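Structure, as structure tokens:
All of the numbers you see were taken from the coordinates with simple rules; none came from a lab. Computed from a predicted model, the values in this text were never measured in an experiment. A quick note on method: Cβ atoms are made from the backbone with ideal geometry, for glycine too, and the neighbour counts reach across all protein chains shown.
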Amino acid sequence: MTIHVAITREVTPGCERAFEESLREFFQESLGHEGVLGVHLLSPPPSSHSHEYGILRTFTNERERDEFNRSELFAKWQKDVAQLTEGFRTYRELHGLEAWFRTPESPPHWKMAFVMWLGVWPTVLIVSSFIAPRLSSLPQLLGSAIANAVVVACLTWIVMPLLVKFFSFWLHLKT
């Protein structure tokens, strides 16, 4: 299963250019690492006073993510940028909605809501028509929990990834 990771770093004021250059070199080298599917840099807006940079990485699976994080390449970069950053990095895996719409510039909320509706409505309709009746002999709470688990699983691993891919041109179209 594909893994999406968000990392933020606070860059020491005055070290932004050196950090960006180091990061771009690291990005190029890291894309050659097996299991790295992509990487994006989120820079603070030019007019802001923020020094926080975001890095979005995608790996083929947990094993490849872990191997990358243990690699000499990653350790070397961590050491190289330690003098350019303040504090510790924040790290979190992206799941669900935030991973479905993972891009440097998120689409408008109304577009995300529309695509979600296009996924949720038929999925719920299909599950309630074909699976829920087969669960009618179970206590209502348990049957409902199972049906909803099936809906969530279908949305997370099948429906939403397909819809986001299909609608990607429209989601990111400047309107």
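Across the stretch 28-67, Cα pairs under 8 Å and at least six residues apart give a relative contact order of 42 percent.
In a shell of Cβ-Cβ distance under 9 Å around R65, excluding R65 itself, what net charge do Lys and Arg (+1) and Asp and Glu (-1) give?
So the environment of R65 carries a net charge of -3.
With the simple model of a label 7 Å out from the Cα in the direction of the Cβ, N148 to H40 spans 3.0 nm.
Ignoring aspartates and glutamates fewer than eight residues from K111 along the same chain, the ones with Cα atoms less than 16 angstrom from its Cα are E98.
Under 8 Å for C-alpha pairs, at least 6 residues apart: give me the relative contact order for the chain, rounded to a whole percent. Walk me through the numbers before you get to the answer.
Numbers: 185 pairs, mean separation 45.0, N = 175.
It comes to 26 percent, rounded to a whole number.
Counting only aspartates and glutamates at least 8 places from K76 when in the same chain, those with an alpha carbon closer than 20 Å to its own are E10, E16, E20, E21, E25, E29, E34, E64, D66, E67, E86.
Charging the Cβ of each Asp and Glu at -1 and of each Lys and Arg at +1, and nothing else, the dipole of the chain about its Cα centre rounds to 640 debye. Of [x] 57, 32, 32; [y] 64, 40, 27; [z] 54, 42, 21, which one was derived for Cα extents along the principal axes in Å from the structure shown? Matching entry in [x] 57, 32, 32; [y] 64, 40, 27; [z] 54, 42, 21: [y].
Can you give the FRET efficiency to the nearest 0.05 for E52 and L31, using r as the Cβ-Cβ distance and R₀ = 25 Å? The formula returns an efficiency of 0.60 here.
222 nm [θ] for the chain, helices only, -39500 (n - 2.57) per DSSP H run of 4+, per residue, to 500?
My calculation for the chain gives -14500 deg cm²/dmol from helical runs alone.
The charge dipole of the stretch 3-94, taken about its Cα centre with unit charges on the Cβ of Lys, Arg, Asp and Glu (plus for the first two, minus for the last two), comes to roughly 100 debye.
Run the numbers for S137 and F166: contour at 0.36 nm per residue of separation, minus the present Cα-Cα distance, in nm. Write down the numbers at each step before the final one.
Details: separation 29, 0.36 × 29 = 10.44 nm, distance 3.81 nm.
The S137-F166 span can extend by a further 6.6 nm.
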